[in-house]
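The values are calculated or read from the model by the stated rules, or taken from the named source; none is laboratory data. A quick note: this is a predicted structure, and the numbers were derived from the prediction, not measured. Cβ coordinates were reconstructed from backbone atoms using ideal geometry, including for glycine residues, and neighbour counts include every protein chain displayed.
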Amino acid sequence: MAPIKDYPQRYALTGELHARPFPSLKAPSTAVFLAIKQPEDAANRDKSVDLAHLTALLDHYGAPRPDANATHYYGEMGKYWLKWEQHTELVTYTVFRNDMSERAFDPGEFDVFPDYWLNDAPGGRITSALLRLMPRPKSDEEIKEKLDEWFVPESLAVASVLDEAAVVASDFRIDSAGHLRIAVFTDKNTDDRRTGRIVQRLCEIETYKAASMLGFSMVRWMSPQLNTLDAKLEDLMAQMRGPAARAEDTLHALLDISVELETLAVKTAFRFGATGAYQAIVSQRIEALREERFMGRQGFAEFMMRRYEPAMRTVGASDNRLKAMSERAIRASELLRTRVDVERSAQNQEILASMDKRADLQLRLQKTVEGLSVVAISYYAVSLAGYLLYPLADAFGINKGTLLAMVTLPVVGAVWLMVRRLRKHLG
């Protein structure tokens with residue numbers, strides 16, 4: 001019996017679920033994270049350029065090259081381990097080292113990326129971070145002392161995660177070297193894979209937080225235009241209530257505003273949609289950490305609620321405002337179009353009434369012309385009759401004038417009857 005045929009992409013789709021493994025990390029160790037994004041139309045970029053840039057870094061360290069169509073890579077790179085991932089809009093590099101500098105968050109750790117390679121990057125740095133993994137001290141006071149030394153207390157977010165598997169902390173600020181700082185204190189009973197998952201989730205939180213803030217940047221760019229269009233729309237709707245402006249002129253102005261609003265909607269649709277998706281990922285990754293309060297400090301979720309969520313709500317409100325303005329402009333255009341149709345109907349009625357009046361005048365004129373035509377025809381008919389009856393006048397001794405007078409009334413009556421019958425026949 002022949003075996004059943006597999007669907008052509010069965011193994012590829014199943015392998016995709018296991019293609020991006022979490023790193024396995026021991027404390028103490030260091031992680032250097034970098035995310036690169038093209039400034040314009042990053043979703044439609046040539047992704048082979050990303051792969052070529054990765055290959056250049058691997059060649060620098062003499063490491064094995066990735067597959068030709070790879071979207072992720074994890075492997076040894078000299079004394080480091082590299083995890084590379086290609087996303088819809090950006091690429092991320094995470095380099096791990098199984099030791100730790102004496103100086104906390106030493107900017108020299110970022111030298112793992114050569115300067116020439118950074119200069120050739122296909123895009124700009126959207127975020128970068130230095131992560132310091134250490135065994136958790138026996139006393140929480142020791143952790144507090146280090147956090148006070150490394151981070152800005154006002155912005156510090158710290159929490160115990162995954163049932164006290166580790167304590168994680170960051171102030172989400174960019175230090176003088178241009179990097180964020182993230183500290184991880186792992187419990188002695190935490191295995192290497194769980195530590196890797198914690199680090200991976202922290203990197204993803206920072207990546208998608210930074211990417212979602214692009215939507216907030218677009219809101220700042222779009223808000224002045226929305227304010228201007230909103231004022232124009234309000235003025236036009238005020239004009240609709242009075243007869244000052246011609247309805248057709250107002251309708252054209254409304255259509256221009258609708259076109260501008262639709263143009264803004266097209267330009268912002270992808271970014272606002274991506275911002276919503278990134279925000280959801282940030283929330284999911286924080287929830288997956290199952291954080292608990294540490295020494296009364298705010299956690300990551302509380303930090304995001306106070307600092308990050310307002311920006312995301314602003315993006316959502318601006319998106320809703322743009323949609324509401326577009327709908328309002330469309331409704332106003334429909335109302336004004338109805339007004340134009342009513343005005344045109346009134347004009348048509350006036351035209352029809354004028355045509356009826358003209359038709360009545362033409363009918364009266366026609367009747368007048370018919371009366372005159374009866375007189376004219378009768379005049380010529382009497383003249384002809386006179387010529388025919390003149391010989392009889394001499395025979396009967398009747399005056400020609402008397403003869404014409406005698407035939408005038410019968411001729412006029414006959415002509416009138418003929419014209420009347422002809423008009424009834426045509427009617």
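If you check 149, 89, which single one turns out to be of a type in the set (Asp, Glu) and over 20 Å from residue 186 (Cβ atoms)?
Details: 149 fails: over 20 Å from residue 186 (Cβ atoms).
Going through 149, 89 in turn, the sole match is 89.
Here's the yes/no breakdown for (1) surrounded by fewer than 21 Cβ atoms within 10 Å (Cβ to Cβ); (2) in contact with a helix residue (DSSP H, G or I) (Cβ under 6 Å, 6 or more places away or on another chain); (3) touching a residue at least 40 places away in the same chain (Cβ under 8 Å):
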| residue | (1), (2), (3) |
| --- | --- |
| 144 | yes, no, yes |
| 148 | yes, no, no |
| 152 | yes, no, no |
| 157 | no, yes, yes |
| 162 | yes, no, yes |
| 172 | no, no, yes |
| 188 | yes, no, yes |
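Against the condition surrounded by fewer than 16 Cβ atoms within 10 Å (Cβ to Cβ) and either in a helix (DSSP H, G or I) or modelled with pLDDT of 90 or more (or both), how does residue 236 come out, does it pass?
On the way: surrounded by fewer than 16 Cβ atoms within 10 Å (Cβ to Cβ): no; either in a helix (DSSP H, G or I) or modelled with pLDDT of 90 or more (or both): yes.
No; evaluated as a whole, the condition is false for this residue.
For the stretch 258-274, check the following and say yes or no: at least one residue is in contact with a helix residue (DSSP H, G or I) (Cβ under 7 Å, 6 or more places away or on another chain), of a type in the set (Lys, Arg) and either farther than 30 Å from residue 168 by Cα or part of a helix (DSSP H, G or I) (or both).
yes
Please pick out the residue among 181, 220, 194 that is part of a helix (DSSP H, G or I) and either touching a residue at least 60 places away in the same chain (Cβ under 8 Å) or farther than 30 Å from residue 327 by Cα (or both).
194 is the lone residue from the list that is part of a helix (DSSP H, G or I) and either touching a residue at least 60 places away in the same chain (Cβ under 8 Å) or farther than 30 Å from residue 327 by Cα (or both).
For the stretch 110-164, name all the residues that are touching a His at 6+ places or on another chain (Cβ under 9 Å) and under 19 Å from residue 28 (Cβ atoms).
110, 129, 130
Take residue 96 and tell me if it is crowded, with 19+ Cβ neighbours inside 10 Å and part of a loop (DSSP other than H, G, I, E, B). Let's see the steps before the verdict.
Numbers: crowded, with 19+ Cβ neighbours inside 10 Å: yes; part of a loop (DSSP other than H, G, I, E, B): no.
When the stated conditions are applied, residue 96 does not pass them.
In this structure, does residue 115 turn out to be within 38 Å of the chain's Cα centre (by Cα) and free of Cβ contacts under 8 Å to residues at least 24 places away in the same chain? Spell out how you get there, then give the answer.
Numbers: within 38 Å of the chain's Cα centre (by Cα): yes; free of Cβ contacts under 8 Å to residues at least 24 places away in the same chain: yes.
Taking the combined requirement at face value, the residue satisfies it.
Return only the number of the condition from (1) part of a helix (DSSP H, G or I); (2) surrounded by fewer than 11 Cβ atoms within 10 Å (Cβ to Cβ) that residue 326 does not satisfy.
(2)
Of the conditions (1) farther than 22 Å from residue 115 by Cβ; (2) in contact with a Lys or Arg (Cβ under 7 Å, 6 or more places away or on another chain); (3) touching a residue at least 60 places away in the same chain (Cβ under 8 Å), residue 74 fails just one. Which one is it?
Of everything listed in (1) farther than 22 Å from residue 115 by Cβ; (2) in contact with a Lys or Arg (Cβ under 7 Å, 6 or more places away or on another chain); (3) touching a residue at least 60 places away in the same chain (Cβ under 8 Å), residue 74 misses just condition (3).
Would it be correct to say that residue 137 is without any contact (Cβ under 8 Å) to a residue 60 or more places away in the chain and outside any helix (DSSP H, G or I)? Give the derivation first.
Numbers: without any contact (Cβ under 8 Å) to a residue 60 or more places away in the chain: yes; outside any helix (DSSP H, G or I): yes.
Against the criterion (without any contact (Cβ under 8 Å) to a residue 60 or more places away in the chain and outside any helix (DSSP H, G or I)), residue 137 qualifies.
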